[in-house]
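Notes follow the structure.
Please treat every number below as a calculation from the coordinates, not as lab data. Owing to the predicted nature of the structure, the values given are computational and were not obtained by experimental measurement. Here Cβ is always computed from backbone atoms with ideal geometry, including for glycine, and neighbour counts include all displayed protein chains.
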Amino acid sequence: REKAIIYIIVGIIIILIPLIYIMIIYNKLTKLYNKVKEKWSTVNVYLKQRTDLIPNIVETVKGYSNHEKESLTEIINTRNKVLKSSSKKETIESNEKLGQKLENLFILTESYPELKADTNFIDLQNNLKEIENKISLSRTDYNKAVLNYKNKLEMFPSNFVGQMFNFKPELFFEIDKEEKENPKVKF
């Protein structure tokens with residue numbers, strides 16, 4: 001009878017240890033995934049601030065330059081794509097394109113000294129620079145959170161728990177090849 005109780009206790013321990021371990025890993029993956037979502041939310045706030053600022057920039061530039069209508073139209077169209085993005089991947093890609101278009105716009109505005117001296121334009125440009133810095137920092141935080149989550153998701157033995165509960169990897173917010181290169185300025 002005592003042996004039976006010992007076997008039952010050992011059996012319960014053998015069953016409980018893996019269950020407790022699975023619970024711990026599941027909770028850790030959930031915490032890391034939620035951290036990724038929180039960091040993505042912060043990135044999204046700054047991306048939204050940038051898209052909200054664009055119409056003001058476009059209107060200001062429009063007042064000084066009738067020649068840059070094509071560039072301004074491209075920026076507005078790209079901004080609209082950002083706002084209509086339905087997935088994280090689309091959001092990342094469309095924001096990268098928007099960043100490139102804005103950079104090109106500011107290069108073009110170098111040709112308009114009166115625009116560069118406009119205090120409204122200078123304020124908008126400074127606001128955009130500040131937002132871009134915040135985006136950059138929040139992208140870094142987001143990518144760190146994705147890396148931690150991804151490492152846990154891919155490492156043994158937590159990868160089995162991740163597969164068991166259908167945890168999916170997240171995308172990094174990376175700079176594409178075109179953005180890494182210096183912009184080409186035509187004279």
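Miscellaneous remarks
- Packing rank of 54-61, 115-122, 12-19, 34-41, where each peptide gets the mean count of other beta carbons within 10 Å, highest leading: 54-61, 34-41, 115-122, 12-19
- Length available on full extension from E90 to S136: 0.36 nm per residue minus the Cα-Cα distance, which gives 14.8 nm.
- Inter-probe distance in nm under a simple model that places probes 7 Å from Cα toward Cβ, at L83 and N27: 4.4 nm
- Order by protection proxy (mean Cβ within 10 Å, highest first), peptides 69-81, 154-166: 69-81, 154-166
- Dipole of region 38-87 [Lys/Arg +1, Asp/Glu -1 at C-beta], most positive-end residue of V58, N44, I76: N44
- Inverse mean reciprocal Cα-Cα distance (Kirkwood Rh) of the chain, Å: 19.9 Å
- Applying a threshold of 24 Å to the alpha-carbon distances of K39/K69; K89/K116; K37/K150; K89/K134; K39/K97 flags K39/K69; K89/K116 as lying beyond it.
- The mean sequence distance of close C-alpha pairs (under 8 Å, at least 6 residues apart), as a share of the length of the chain, puts its relative contact order at 32 percent.
- Taking each DSSP H run with n ≥ 4 as -39500 (n - 2.57) and averaging over every residue of the chain yields -28500 deg cm²/dmol at 222 nm.
- For the pair I14 and E74 in one chain, pulling the backbone fully straight at 0.36 nm per residue adds 15.2 nm over the alpha carbon distance.
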